[in-house]
Amino acid sequence: MQRLGGSVIHTDATSSSAKKGETLEDSVSVMASYSDVVVLRHPEPGAVARAARHCRKPIINAGDGIGEHPTQALLDVFTIREEIGTVNGLTITMVGDLKNGRTVHSLARLLTLYQVQLQYVSPRGLGMPKHITEFVASKGIPQRVYERLEDVLEDTHVLYMTRIQRERFQSQEEYEKTRGLLVVTPQLMTRARRRMVVMHPLPRVDEISPEFDSDPRAAYFRQAEYGMYVRMALLSMVAGVNPLT
Ligand code: ASP
């Protein structure tokens, strides 16, 4: 928003009237009075959709707990198009905490608009939720589940890594059991195609070793930059302004 020449008013649970007991609906109505667009990140799945019913300005879901992260999915598809040229015909492998990671929920749903094959690799118990796999299946998109990265690399055009979502675990011990199992290293990537990309919504923890960063297939920092442009485009679009004119 700042790069578009606009400004930002920021509020969160500790600084807003939420701590005095104000409902989400009222907080959003007030924010909508002060601004042209509301961007809301919330810990509860479905909360942004609920708030949208009370918002008289455009509202963007910036992530709702383990639910969805639609703007990330838009920038992910943009990244694939920039890096590979097309989305159709690709095999896209999503890796990591597919249960709690909202980015992969939105991306899998968005990719059903294309002709793709989806592959999932996750530690046991952290697989893609059934409501997502059922939605994807209903659109006729083939999906396969694997346990090891070694088994998917040869066919993969887009390797979409995600971190284990530590904040969604009951205890540190439970988190420790699942971290560090699926890790991209330069050595592992000798098994992958030469023309493919590794993406990550960031922040990364230990699922991509920093030694891989200099590989041309490491697209995650370029992806972060594309994300800024995609979100600029989205903000201009919903605010009804064309920054180029
Ligand atoms: N930044 C992404 C999100 O907000 C990914 C992550 O946190 O792992 O969901």
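Each of ASP151 and LEU110 was given a label point 7 Å from its Cα along the Cα-to-Cβ line. The distance between the two points is 2.9 nm. Rounded to two decimals, the Cα-based Rg/Rh of the chain, with Kirkwood Rh, is 0.98.
Counted residue by residue at 0.36 nm each, then reduced by the alpha carbon distance between them, the extension gain from VAL241 to PHE135 reaches 34.8 nm. Note on SER17 and ALA62: with the Förster distance fixed at 22 Å, the Cβ-Cβ geometry gives a FRET efficiency of about 0.65. In plain terms, the C-alpha convex hull of the range 1-101 casts an average shadow of 8.6 nm² when viewed from every direction.
Protection proxy ranking for 153-165, 83-95, using the average of other Cβ atoms within 10 Å per residue and placing the highest first: 153-165, 83-95.
Protection proxy ranking, highest mean first, for peptides 108-118, 131-141: 108-118, 131-141, where packing is the per-residue count of other beta-carbon atoms within 10 Å, averaged.
Order the peptides 33-41, 211-219 from the highest to the lowest mean number of other Cβ atoms within 10 Å of their residues.
Values: 33-41: 16.4, 211-219: 14.6.
In descending order of packing, they fall as 33-41, 211-219.
Considering only LEU159, VAL230, VAL184, the residue lying farthest towards the positive end of the dipole of the range 84-238 is VAL230, judged by Cα position with unit charges set on Cβ.
Computed from the coordinates by the stated procedures, all read-outs in this text should not be read as laboratory data. Predicted, not measured: the structure shown is a model, and the values here were computed from it. For neighbour counting, all protein chains shown are included, and Cβ atoms are generated from backbone atoms with ideal geometry for every residue, glycine included.
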